[in-house]
Amino acid sequence: MIGFATEWLGRLSWHAFPQATVTRGAAIGIVLGGLIVLALITYFHKWRWLWREWLTTQDPKRIGIMYIIVSVLMLLRAGSDALMMRAQQATSVGTHTGPFSPDTFQQVFSAHGTIMIFFVAMGLMFGLINLVLPQQLGNRDVAFPFMNALSFWLFTAGMLLINMSLVIGEFSAAGWLAYPPLSELKFSPGVGVDYWIWSLQIAGVGSLMSGINFLVTILKNRCKGMTMMKMPVFAWSVFGSMTLVAFSFPILTVALTLLYFDRTFGMHFFTAGGGGNAMMYVNLIWAWGHPEVYILVLPAFGVYSEIMATFSRKRLFGYTSMVWAVWGIVFLSFTVWLHHFFTMGAGADVNSVFGIATMLIAIPTGVKIFNWLFTMYRGRIRFTSHMVWFMGFVFLFVSGGVTGVMLAVPAIDFQVHNSLFLVAHFHTMVVTGVVFGYLAAISYWFPKITGFRLHDGLGKIVAWCWSVGFVLAFFPLYALGFMGATRRLDHYDASLGWQPLFIVAAIGALTIATGVVFQIVQLIVSIWQRNERRDITGDAWDGRTLEWSTPSPTPFYVFTKTPVVTERDQFWADKQAGTVQRGYEDILLPKNTGVPIVVGGLALLVGFGAIWHIWTLVVLGLLGIVMAIIVRAMNDEPEYILTAKEVERLENARKRKLKEVMA
Amino acid sequence: MSEVTTTLDLRRVEAEATSKTTLGFWTYLMTDCVLFAALFAVYAVQHGNTFGGPDGYELFKLPYVLVETLVLLISSFTCGLALLALQKRDKTMVLTWLAVTFVLGAVFLGMELSEFHAMAAEGNSWRRSGFLSSYFTLVGTHGLHITIGLIWMAVAGTLAWKKGLTASIHKRLTLLGMFWHFLDVVWIFIFTVVYLFGSLHL
């Protein structure tokens, strides 16, 4: 019996199911929630619809929407992790113990960071790129639609794996980057770190494929006349970001694989003995990790550029310098990874080089900030919720930039290394830079996706809650860092006098949570009032770039005829000249396919098997993936033609329907 | 596709698709370059960390590795011949040279595995030291790529045999050729950095 169990179940046994009340509650919640969703789909007979319209789709707009849905759900999960941390640190003082055990607390902060970066920020980014990029380039699709769907399903497989750790086994307690030797088998003998490794590995392969896909899309899928210097700045920033993906994600793949080899096959890459070198891991992970920050923030910069030009009703100031700033950041981001571990002991010379390189990044970033501000200068500004997001971003992001330059000075870094000062700094960069940007982007492109605008008054409240809440939640951490509070504390002494500041931070976190509640209210209210908020023209904000020339919501064929470009803001120029690009043409579109979701499911099995050492499952999963790819390769007609006549018919039907709704 | 009359220039569409795929595959090869660069860097850091175990000077048998190298180089040459035959649309020669390439690739892989096996049998497995962990991982990753290349070759060869040299098979064989030459280049670096430098006691 025992032989059978180890052969077929690996390390998996009944003990893997949660024992502690908190985790058991979360596990039951997740399972119940999942079951309710499945039951509802079955009750309303929606399986066929779901499979045909969504699960097998290769339409980048649908894939983008699915990315955003997954990411928003993950934002709620990792956001509740954040609230748990704030609750612990506000109450776990002196003789009081907080609500969570140290081990649970460690899993919570590890999950928070990992999910926020990989399954919230990355997912929102890829979702928005899918929704917007092809249309901005005056094209219908990405370069490789099949690979695009595959990327999404691998991303989802990684997401499912990380959430399975709540129900079966445990999650990593080694922080979001799992530094060895703590993450080695000797000090983390459970399956937590393996969950971390495999959910990132699977999602990471998906990200790498997306990176290649969008690079080729930008280089090859631009419409007629759109030279590189006529591309919207969002496309440029995606170009920079995806270049970083292509160059940095292989390093993550290597670092994760080597850590897994150490833990599973007894190798000695990062072990404390046996000729291992833990600092090598730290170098590898940051050679990926630093560019990763810019991968996330560059497209958000692109979003701000679009928003500033549209809502200032003015062409973007300093387009060429924006492009050069993107590439300056791309280049510099590969030259600064050592600033994450100045205390390693590389010596004054090495630290100085990396310190100066780090400070240099402030220059191209500063160029971008000034360009946005100059875009507003003498513009006809509309102060919508997008502008509130931008104002919150620009003030807070500059403050984070300033503390970043402080941290770039090795002498200061030695003092505040690993403290809450650092935590405050990088949250300022990622929350105000990335999250504000993508939330503004969702509300900016929402009418393009759904056909109606979000309630802007509520949107302003949301943006204010996030901005004010952010100041309350993170500015006290700067002070606490100076007072000596290190990061990841689950308990501290009352005599330190830190508790009031931690309570302020908790109030800040609650303010942000209020913002999230308002966001949900905003969504419900907007759906309720969708007919009066409907965007009839397709040009919801008097936009400048090509995606606003298509109807809202964008039909699956996007353009009835692909546009021709002679200007930078082509759609704006067309509107000024009063010309409309019309006509119909035959369109080649990808057929639906179930292969990507099947490969995603098989990858999930491979990951699960590798975590629990169920090798049969790993082998079967890999064989299945190879078979699925061969089946796909045998398919000689993955596309179909939509004739011009059919496009015209569909387009007329769409217009009729819109008229009926409006009447 | 063919039964629908369309104003689309399908040959141009096909050519555009091929150019996208080629660029995409080049980009993938660049990312694979980064992956190998990271593994080389790890090897460079760890090649001295023998932890009391043997170093490369004691372990590597240069004549054996030289034969391995020549087998792979010749397979790259025969792969080139298959691609030349593809340009001439000579199906028999394409399949013949692909078969030769496949056999040579399999021989290379077999030699590598038997070398690995011999080392592990003497107690010098990847568990022995940081040096050996990085050696097995770097060389083994190349071997894994060769394995994937062989599977690909078998599938593409079978498809070419059954369906003839269609446009999609033409495209896939071209990519396979790029992949195979790329693995050859990586091996030259492995031969130099791992085996030659290792045997020089560097």
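The values are calculated or read from the model by the stated rules, or taken from the named source; none is laboratory data. Keep in mind that this is a model prediction, so the values were computed, not measured. All Cβ positions, even for glycine, are placed from backbone atoms using ideal geometry, and neighbour counts span all protein chains on display.
Could we say that B:L150 is under 30 Å from A:E639 (Cα atoms) and surrounded by fewer than 20 Cβ atoms within 10 Å (Cβ to Cβ) here?
Here the answer is yes, as B:L150 does meet what is asked.
Just for the range A:633-649: of the residues that are in a helix (DSSP H, G or I) and touching a Ser or Thr at 6+ places or on another chain (Cβ under 9 Å), which one is farthest from B:S168 (Cα to Cα)?
Going through the qualifying residues, I end up with A:E648.
Go over the candidates A:A178, A:A174 one by one and state the one that is in a loop (DSSP other than H, G, I, E, B), touching a residue at least 60 places away in the same chain (Cβ under 8 Å) and surrounded by 24 or more Cβ atoms within 10 Å (Cβ to Cβ).
Exactly one residue qualifies, and that residue is A:A178.
Any residue that is of a type in the set (V, I, T), in a helix (DSSP H, G or I) and away from every other protein chain (no Cβ under 14 Å) - is there at least one of those in the range A:574-586? Walk me through how you get there before you give the answer.
Step one: filter the range A:574-586 for residues of a type in the set (V, I, T), giving A:579-580.
Add one more test, that the residue is in a helix (DSSP H, G or I), and what stays is none.
No, the range A:574-586 has no match at all.
Yes or no, residue by residue, for (1) surrounded by 19 or more Cβ atoms within 10 Å (Cβ to Cβ); (2) in a helix (DSSP H, G or I); (3) out of contact with any helix residue (DSSP H, G or I) (no Cβ under 8 Å at 6 or more places or on another chain):
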position	(1), (2), (3)
A:I30	no, yes, no
A:L40	no, yes, yes
A:H45	no, no, yes
A:W51	no, yes, yes
A:K61	yes, yes, no
A:M66	yes, yes, no
A:S71	yes, yes, no
A:L76	no, yes, no
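Select, from A:T95, A:T91, the only residue that is over 26 Å from A:L622 (Cβ atoms), without any contact (Cβ under 8 Å) to a residue 24 or more places away in the chain and not small (G, A, S).
Going through A:T95, A:T91 in turn, just one is over 26 Å from A:L622 (Cβ atoms), without any contact (Cβ under 8 Å) to a residue 24 or more places away in the chain and not small (G, A, S): A:T91.
In the range B:45-65, which residues are assigned to a helix (DSSP H, G or I) and either touching a residue at least 12 places away in the same chain (Cβ under 8 Å) or within 14 Å of chain A (Cβ to nearest Cβ) (or both)? Even if it seems obvious, please write down each step before you answer.
Step one: list which residues in the range B:45-65 are assigned to a helix (DSSP H, G or I), which gives B:45-46, B:56-59, B:62-65.
Those that are assigned to a helix (DSSP H, G or I) and either touching a residue at least 12 places away in the same chain (Cβ under 8 Å) or within 14 Å of chain A (Cβ to nearest Cβ) (or both): B:V45, B:Q46, B:G56, B:Y57, B:L59, B:L62, B:Y64, B:V65.
If I go through the range B:101-141 residue by residue, how many of them are more than 14 Å from every other protein chain (Cβ to nearest Cβ), without any contact (Cβ under 8 Å) to a residue 24 or more places away in the chain and part of a helix (DSSP H, G or I)?
6
Has the range A:300-318 got any residue that is hydroxyl-bearing (S, T, Y) and within 11 Å of chain B (Cβ to nearest Cβ)?
Within the range A:300-318, not a single residue is hydroxyl-bearing (S, T, Y) and within 11 Å of chain B (Cβ to nearest Cβ).
Go through (1) within 9 Å of chain A (Cβ to nearest Cβ); (2) of a type outside the set (D, E); (3) more than 30 Å from A:N635 (Cβ to Cβ); (4) touching a residue at least 60 places away in the same chain (Cβ under 8 Å) for B:L35 and report which single condition fails.
Of the numbered conditions (1) within 9 Å of chain A (Cβ to nearest Cβ); (2) of a type outside the set (D, E); (3) more than 30 Å from A:N635 (Cβ to Cβ); (4) touching a residue at least 60 places away in the same chain (Cβ under 8 Å), the odd one out for B:L35 is (3).
Has the range A:316-324 got any residue that is within 21 Å of the chain's Cα centre (by Cα) and closer than 23 Å to A:H386 by Cβ?
No, because not a single residue in the range A:316-324 is within 21 Å of the chain's Cα centre (by Cα) and closer than 23 Å to A:H386 by Cβ.
In the range A:560-619, which residues are touching an Asp or Glu at 6+ places or on another chain (Cβ under 6 Å) and under 30 Å from A:L256 (Cα atoms)?
Within the range A:560-619, just A:I611 meets the criteria.
Just one of (1) within 14 Å of another protein chain (Cβ to nearest Cβ); (2) part of a helix (DSSP H, G or I); (3) surrounded by fewer than 16 Cβ atoms within 10 Å (Cβ to Cβ) trips up B:V42, so point out which.
Here B:V42 meets the rest and fails (3).
For the range A:235-242, does any single residue satisfy the condition of being within 11 Å of chain B (Cβ to nearest Cβ) and farther than 21 Å from B:S129 by Cβ?
Yes, some residue in the range A:235-242 is within 11 Å of chain B (Cβ to nearest Cβ) and farther than 21 Å from B:S129 by Cβ.
If I filter the range A:272-283 for residues that are facing chain B (nearest Cβ under 9 Å) and within 24 Å of A:S151 (Cβ to Cβ), do I get at least one hit?
no
With respect to A:S248, is the statement that it is away from chain B (no Cβ under 14 Å) and either β-branched (V, I, T) or under 20 Å from the mean Cα position of the chain (by Cα) (or both) true?
When the stated conditions are applied, A:S248 does not pass them.
Surrounded by fewer than 21 Cβ atoms within 10 Å (Cβ to Cβ) and outside any helix (DSSP H, G or I): does that describe A:T343?
Working: surrounded by fewer than 21 Cβ atoms within 10 Å (Cβ to Cβ): yes; outside any helix (DSSP H, G or I): no.
Against the criterion (surrounded by fewer than 21 Cβ atoms within 10 Å (Cβ to Cβ) and outside any helix (DSSP H, G or I)), A:T343 does not qualify.
Determine whether the range B:82-90 contains at least one residue that is part of a loop (DSSP other than H, G, I, E, B), within 10 Å of chain A (Cβ to nearest Cβ) and modelled with pLDDT under 95.
No.
All but one of (1) away from every other protein chain (no Cβ under 11 Å); (2) buried (at least 22 other Cβ atoms within 10 Å of the Cβ); (3) over 29 Å from A:S443 (Cβ atoms) hold for A:G328; which doesn't?
(2)
Do we have A:L589 as within 14 Å of chain B (Cβ to nearest Cβ), under 28 Å from the mean Cα position of the chain (by Cα), on the phi < 0 side of the Ramachandran plot and at pLDDT below 95 here?
Answer is yes for this residue.
Regarding A:G94, is this residue in contact with a Ser or Thr (Cβ under 6 Å, 6 or more places away or on another chain), surrounded by fewer than 24 Cβ atoms within 10 Å (Cβ to Cβ) and of a type outside the set (A, V, I, L, M)?
no
Please report, ordered by residue number, the helices (runs of 4 or more DSSP H) entirely within the range A:384-428 with at least 2 residues that are under 21 Å from A:H290 (Cβ atoms) and of a type in the set (S, T, N, Q).
Qualifying helices (runs of 4 or more DSSP H): A:385-408.
Filter the range A:587-609 down to the residues that are part of a strand (DSSP E or B) and free of Cβ contacts under 8 Å to residues at least 60 places away in the same chain and list them by number.
A:L588
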